[in-house]
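Scroll down for the structure; my scribbles are underneath it.
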Amino acid sequence: MRSDPALTPLSHLSRLTPSPFLPGEHIPDLRHLASRNTALAVVSRAPFAKFDAWKRKIGWSFPWYSSYGSSFNYDFHATLDPAVQPVEYNFASAAELEAKGQKWNVSGEQPGLSVFLRSEGKIYHTNSAFARGTERVLGTFMWLDLTPLGRQVGPEGPTGFKLRYEYEEEA
């Protein structure tokens, strides 16, 4: 069976704060993916004009789309609002998340990654990852995890990392 290119929307970048930008710094040369019949696109709930300025400033060239005004982020559990639909994040309900002490995962924008396959004109949702499950695309964490000092993540979490251009501005 011949398949059309797989599509991986990365929903991490739904908030315009430093933490969600870290995955964008790790997107590979998309020609590597294309050589394996795979495409990648980033989806953010923000209006396109809001993140397009960031995209140009940072120098990113990957496809980045806005789901603003649609239910995409809600449908794939990257935006949580019980007024829109029952909360489910990382395959757990709001009650289950709260019982685990994860109250921060029951509303608002959350990191998520979904994978789709288009085959014979149909689109299949084949994989999703949330929270720590999305870290596999962050090369910086993988390298730091190999070292004796590890990630050294402080209370601010991954927001402690700078964007590429910020390091260049300091030099």
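The values are calculated or read from the model by the stated rules, or taken from the named source; none is laboratory data. Because the structure is predicted, anything quoted here is derived from the model rather than measured. Using ideal geometry, Cβ is built from the backbone for each residue, glycine included, and neighbour counts are taken over all protein chains shown.
Here's the yes/no breakdown for (1) within 16 Å of the chain's Cα centre (by Cα); (2) of a type outside the set (A, V, I, L, M, F, W, C); (3) in a loop (DSSP other than H, G, I, E, B):
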{"position": "Val43", "(1), (2), (3)": "yes, no, no"}
{"position": "Ala46", "(1), (2), (3)": "yes, no, yes"}
{"position": "Phe51", "(1), (2), (3)": "yes, no, no"}
{"position": "Tyr68", "(1), (2), (3)": "yes, yes, yes"}
{"position": "His77", "(1), (2), (3)": "yes, yes, yes"}
{"position": "Ala83", "(1), (2), (3)": "no, no, yes"}
{"position": "Gly101", "(1), (2), (3)": "no, yes, yes"}
{"position": "Leu117", "(1), (2), (3)": "no, no, no"}
{"position": "Glu135", "(1), (2), (3)": "yes, yes, no"}
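Among the candidates Thr79, Thr134, single out the residue that is under 29 Å from Arg56 (Cβ atoms), in contact with an Asp or Glu (Cβ under 8 Å, 6 or more places away or on another chain) and of a type in the set (Ser, Thr, Tyr). After ruling out the rest, the residue left standing is Thr79.
The selection criterion, being within 26 Å of Asp29 (Cβ to Cβ), touching a His at 6+ places or on another chain (Cβ under 8 Å) and exposed (fewer than 15 other Cβ atoms within 10 Å of the Cβ), does not hold for Gly112. Val106: crowded, with 17+ Cβ neighbours inside 10 Å, modelled with pLDDT under 90, within 22 Å of Val137 (Cα to Cα) and not charged (D, E, K, R), yes or no? So Val106 does not fit the description; no.
Restricting Gly121, Gly139 to those that are surrounded by 11 or more Cβ atoms within 10 Å (Cβ to Cβ) and not hydrophobic (A, V, I, L, M, F, W, C) reduces the list to Gly139.
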